[in-house]
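Have a look at the structure below before the remarks.
The values are calculated or read from the model by the stated rules, or taken from the named source; none is laboratory data. Note that this is a predicted model, so its numbers are computed, not measured. Virtual Cβ from ideal backbone geometry, glycine too; neighbours counted across all protein chains shown.
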Amino acid sequence: MRAVDLIAAKRRGEAHTTDELQWLISEYVAGRVPDYQISAWLMAVCFQGLDRAETFALTQAMVESGETIDLSDIAPVIADKHSTGGVGDKVSIALGPLVAACGLPFAKMSGRGLGHSGGTIDKLESIPGFRTDLTPAEFRGHLSRAGVVISGQSPTLVPADRLLYSLRDVTSTVEQGALIASSVMSKKIAVGATAIVLDVKVGAGAFLQEQEEARRVARTMIELGEDAGRSVRAVLTAMDEPLGLAVGNALEVREAFDVLHGRGPDDLRQVVITLAAHLLVMAGLAVDLPAGRALALGHLQDGSALQKAREWVKEQGGDAEAVDGIGLPESEFVMPAKAAKSGWVHYVAATTVAEAGLLLGAGRETKEAAIDHAVGVVIATPTGSRVRRGDVVALIHANDERLGREAVELVSAAFRIGRDPMQLPEVLIDAI
């Protein structure tokens, strides 16, 4: 086989065989197919798509590109969660300790920032000492002892996805549904989770901007999971505006832990508690979603989820004081963005806030770029707030004064202010 022939076939809209996809992925991981050819193939897939059989074959090839982890001896059900990516999405950092406190072990392999979407691993690495480069043995050990583990994509676990993930980020091939589904589910299958909830983001700040496309991707991921013997549910959540108030690595970590302290923005709390409820029902720890929500809320209120977070952070080498907001990186400058006029905040554009974060250094524009964990944006007046001209609507955390001033202008423009009050938008859209 030759990579150029597979590129040409997909460009013409032809379907690949299982053998062809296994060959392409294995040769790429081995270094015998270069980035530029895989980039061309990814772009052809974006134009022509993959059918169900191709998507499953691609997923299996990615799983088989490295080791897998068997967690069945640790607990009968292991939970996992994945988000399709958004702005201010720090859900996993609160969700893992919460479901673990409820008695459901949580094991997750996460990625770094992709496009304008922040990565969970980048966020967690803002915690002093926190290790994300775990071996399979360490992954199992941390889960067994703490009940929670979130790891980066190690060289031995799904190396194909790790390579493709970073390449898609810089070749504008992120949004294609089959590529999203195979990326997500290859990690879930390889890590050994048996109950998986998918947070499928929908809206202007998401990779999936239309609800129907988001539903198609969700169903594809559910089918992939079921074909591999996993229990999978998907929840569609709104991503026209940032989730929560904080956008930026250390800022988001602080806000995620705020949820475990019983605080935090209402939209973020809703998503965390709802996803927890679905996992608890799937694991048989709650009879239905209301019971699952009640169980999750109980462990937020009694402090057990907060204590579990401390155990987890310490287990992975981090400073447990970070759970209380102590020791996280802080920026040199904090600059106010102000309202251009008086009225009511109708909308805060997620993509514009994300652009400001990228400008400040909170994300990556190339796969080699470094992350500044301290910088970002904190919204002071979310949708529904009444403001007067000149009021502070957000705070810009910057380590470069010039970039900070540019970010102030961007973030100020992200706020749509109208004359009349408006009904707050729903963050939970649908469940599949």
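In this entry, G103 passes the filter for residues that are on the phi > 0 side of the Ramachandran plot, assigned by TED's automatic domain parsing to the domain that holds L167 and at pLDDT 95 or above. Quick check, is Q270 assigned by TED's automatic domain parsing to the domain that holds V99, within 26 Å of M422 (Cα to Cα) and surrounded by fewer than 18 Cβ atoms within 10 Å (Cβ to Cβ)? Spelling it out, Q270 is indeed assigned by TED's automatic domain parsing to the domain that holds V99, within 26 Å of M422 (Cα to Cα) and surrounded by fewer than 18 Cβ atoms within 10 Å (Cβ to Cβ). When A354 is evaluated against the numbered criteria (1) in contact with a Gly (Cβ under 6 Å, 6 or more places away or on another chain); (2) within 18 Å of K90 (Cβ to Cβ), which criterion, by number, is the only one it fails? With (1) in contact with a Gly (Cβ under 6 Å, 6 or more places away or on another chain); (2) within 18 Å of K90 (Cβ to Cβ) applied to A354, the lone miss is (1). Inspect the range 414-422 for any residue being free of Cβ contacts under 8 Å to residues at least 40 places away in the same chain and surrounded by fewer than 17 Cβ atoms within 10 Å (Cβ to Cβ) and give the result as yes or no. No, the range 414-422 contains no residue that is free of Cβ contacts under 8 Å to residues at least 40 places away in the same chain and surrounded by fewer than 17 Cβ atoms within 10 Å (Cβ to Cβ).
Could you say whether any residue in the range 109-122 is surrounded by 23 or more Cβ atoms within 10 Å (Cβ to Cβ), touching a strand residue (DSSP E or B) at 6+ places or on another chain (Cβ under 6 Å) and hydrophobic (A, V, I, L, M, F, W, C)? Among the residues of the range 109-122, at least one is surrounded by 23 or more Cβ atoms within 10 Å (Cβ to Cβ), touching a strand residue (DSSP E or B) at 6+ places or on another chain (Cβ under 6 Å) and hydrophobic (A, V, I, L, M, F, W, C), which makes the answer yes.
Select from the range 319-335 the residues that are of a type outside the set (D, E) and not in a helix (DSSP H, G or I) and list them in ascending order.
Here is the first cut: in the range 319-335, the ones of a type outside the set (D, E) are 320, 322-323, 325-329, 331, 333-335.
Listed by number, the residues that qualify are G325, I326, G327, L328, P329, S331, F333, V334, M335.
Check E401, E315, E426, E409 and return the single one that is surrounded by 14 or more Cβ atoms within 10 Å (Cβ to Cβ) and either charged (D, E, K, R) or not assigned by TED's automatic domain parsing to the domain that holds L143 (or both). Talk me through it step by step, then tell me what you get.
On the way: E401 fails: surrounded by 14 or more Cβ atoms within 10 Å (Cβ to Cβ); E426 fails: surrounded by 14 or more Cβ atoms within 10 Å (Cβ to Cβ); E409 fails: surrounded by 14 or more Cβ atoms within 10 Å (Cβ to Cβ).
Checking each option against the conditions leaves just E315.
Out of the range 200-252, which residues are closer than 30 Å to A398 by Cβ, among the hydrophobic types (A, V, I, L, M, F, W, C) and in a strand (DSSP E or B)? Residues satisfying the conditions are A238, A246, V247.
When G49 is tested against (1) on the phi < 0 side of the Ramachandran plot; (2) within 26 Å of the chain's Cα centre (by Cα), exactly one condition is not met: (1). Only helices (runs of 4 or more DSSP H) whose full extent lies in the range 1-49 are considered here, and the ones with at least 3 residues that are over 21 Å from R162 (Cα atoms) are 3-11. Filtered by the rule that a residue be surrounded by fewer than 24 Cβ atoms within 10 Å (Cβ to Cβ) and either under 22 Å from Q153 (Cα atoms) or in contact with a Lys or Arg (Cβ under 9 Å, 6 or more places away or on another chain) (or both), the range 208-226 gives T220, I222, E223.
Quick grid of which residues meet (1) over 30 Å from M282 (Cβ atoms); (2) over 23 Å from the mean Cα position of the chain (by Cα); (3) of a type in the set (A, V, I, L, M, F, W, C); (4) assigned to a strand (DSSP E or B):
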position: G390; (1), (2), (3), (4): yes, yes, no, no
position: L395; (1), (2), (3), (4): yes, yes, yes, yes
position: A407; (1), (2), (3), (4): yes, yes, yes, no
position: V411; (1), (2), (3), (4): yes, no, yes, no
position: I417; (1), (2), (3), (4): yes, yes, yes, yes
position: P425; (1), (2), (3), (4): no, no, no, no
